[in-house]
1. Do any trypsin sites (Lys or Arg not before Pro) in segment 136-172 lie in a DSSP loop with no more than 12 other beta carbon atoms within 10 Å, and if so, which?
2. So for each of 98-106, 22-30 I average, over its residues, the number of other beta carbons within 10 Å; can you give me the resulting order with the highest mean first?
3. Enumerate the whole-percent occupancy of each 10 Å bin, from 0 to the last occupied one, for all C-alpha pair distances of segment 89-136.
4. What residues qualify as long-range amide H neighbours of TRP174, i.e. H under 5 Å apart, gap of 5 or more or another chain, H built at 1.01 Å from N?
5. Going down the table (LYS161/LYS209; LYS161/LYS201; LYS111/LYS153), which pairs top 24 Å between alpha carbons?
6. Taking the convex hull of the alpha carbon atoms in segment 1-148, what volume per residue do you get, in Å³?
7. Would you mind checking which residues have amide H under 5 Å from GLY42's amide H? H placed 1.01 Å from N; only 5 or more apart, or other chain.
8. Using a/c under 1.5 as the rounded threshold, could you call segment 102-246 rounded, prolate or oblate? The axes a ≥ b ≥ c are square roots of the C-alpha gyration tensor eigenvalues, and prolate needs a/b larger than b/c, oblate otherwise.
Amino acid sequence: HKSAVWGCGFSPDGKTLVSASRDNTLKLWDAESGKEIRTFTGHKAIVWGCVFSPDGKILASVSLDNTLKLWDVAKGKEIRTLTGHRDAIKNCVFSPNGQTLVSASLDNTLKVWDAEHGKEIRTLTGHKGDVLGCMFLPDGQTLVSASLDNTLKLWNVAKGKEIGTLTGHKDAVWGCVLSPDGQTLLSVSSDKTLKLWDVEKGTEIHSVKLPWIPYYVAVSPTKPYQVITANENGTVTMFEFEELGK
């Protein structure tokens, strides 16, 4: 890459990974050797993020050029461009079955797309600030979104309805991740906290105060659960929880 890398992710089989860059491109890499396999070109601005479809055959990318692109991983060719957002797209996620794709945008909305045909199904409105991230819950029907408006929202994707709002953060919520058992949601915010939420009840369980802003959070799949945050000061911090939902 010729400029900063803003996002990356592994393929479902773990053999390859993809990176998204400020140089307007994506690159596919061999995870074991670290060698570049191919470059995907077509975006006209910074590529903010990228994600593989569950079967690993399709790559989705989001950009400052307000578009979402779908790529054939094996051929390195663009399949189609999805347009409709009025501002940059910050994130996207496939549903567990790969049939639906959701994009999160700085136009304060999320859009739900038919992943196979590239058609917009519906727009999710309700956030009052940039939508910075989104993720599906294991049921494949419920979506969680994180926003600059200090909240996380829960959505029924099939119905296009907001079903809950998690309030408690006092500044932008940068992202969230689900615990391995699917019961606890973890979120990070510019208010310098890591919060744990009961997904079913929509209530805050625990809050960890940090001396820095965490921009990203991830959790290990096994106990004791290791939670890591990527921080504004260039560090990665690890926390250990015996239980996440208590």
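Each value in this text was obtained by applying a stated rule to the coordinates, not by laboratory testing. Keep in mind it's a predicted model, so treat the numbers as computed, not measured. Positions of Cβ are generated from backbone atoms using ideal geometry, with glycine treated the same way; all protein chains shown enter the neighbour counts.
1. LYS159, LYS170
2. 98-106, 22-30
3. Once binned at 10 Å, the Cα pair distances of segment 89-136 give 31, 55, 14, 0.
4. Residues meeting the amide H criterion: VAL188, SER189, SER190.
5. Result: LYS161/LYS209 exceed 24 Å.
6. Values: hull volume 14.7 nm³, N = 148.
Each residue corresponds to 99 Å³ of Cα convex hull volume.
7. Long-range HN contacts for GLY42: none found.
8. Verdict is prolate for segment 102-246.
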